[in-house]
Each structure stands twice: as structure tokens, then as C-alpha cells.
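The values are calculated or read from the model by the stated rules, or taken from the named source; none is laboratory data. Worth saying up front: this structure is predicted, and the values here are computed from it rather than measured. Here the Cβ positions follow ideal geometry from the backbone for every residue, glycine too, while neighbour counts run over all protein chains shown.
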């Protein structure tokens with residue numbers, strides 16, 4: 001592989017990992033927000 005291929009693979013891996021982490025945080029946040037009683041929800 002050329003140097004360019006390694007660089008592109010690193011960028012794709014980095015962005016993929018960040019996107020996966022963001023997706024998991026949003027999913028966990030949505031799941032946890034359902035457990036909070038409506039009268040205690042400050043964001044609504």
C-alpha cells in the first residue's frame with residue numbers, strides 16, 4: 001500500500017470511530033431520558 005492509502009485508511013477509521021461513539025452516546029442518552037419522570041425533565 002502507498003502512503004496515501006494508509007493516510008486515507010487512518011482518516012476513515014478515525015471518523016468511523018467518532019461516528020460510532022457519537023451514535024452510542026445518543027442512543028444511551030435517549031434510553032436514559034425515558035427513565036426520568038416527566039415532572040423532572042428540564043429539557044421539555
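Taking the conditions exactly as written (surrounded by 10 or more Cβ atoms within 10 Å (Cβ to Cβ), without any contact (Cβ under 8 Å) to a residue 40 or more places away in the chain and either in contact with a helix residue (DSSP H, G or I) (Cβ under 8 Å, 6 or more places away or on another chain) or in a helix (DSSP H, G or I) (or both)), does residue 31 satisfy them or not? Don't jump to the end; show me each part of the working.
Details: surrounded by 10 or more Cβ atoms within 10 Å (Cβ to Cβ): no; without any contact (Cβ under 8 Å) to a residue 40 or more places away in the chain: yes; either in contact with a helix residue (DSSP H, G or I) (Cβ under 8 Å, 6 or more places away or on another chain) or in a helix (DSSP H, G or I) (or both): yes.
Spelling it out, it is not the case that residue 31 is surrounded by 10 or more Cβ atoms within 10 Å (Cβ to Cβ), without any contact (Cβ under 8 Å) to a residue 40 or more places away in the chain and either in contact with a helix residue (DSSP H, G or I) (Cβ under 8 Å, 6 or more places away or on another chain) or in a helix (DSSP H, G or I) (or both).
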Do we have residue 41 as loosely packed, with under 10 Cβ neighbours inside 10 Å, touching a helix residue (DSSP H, G or I) at 6+ places or on another chain (Cβ under 8 Å) and without any contact (Cβ under 8 Å) to a residue 12 or more places away in the chain here?
yes
Residue set 14, 4; condition more than 23 Å from the chain's Cα centre (by Cα), modelled with pLDDT of 95 or more and in a helix (DSSP H, G or I); output residue 4
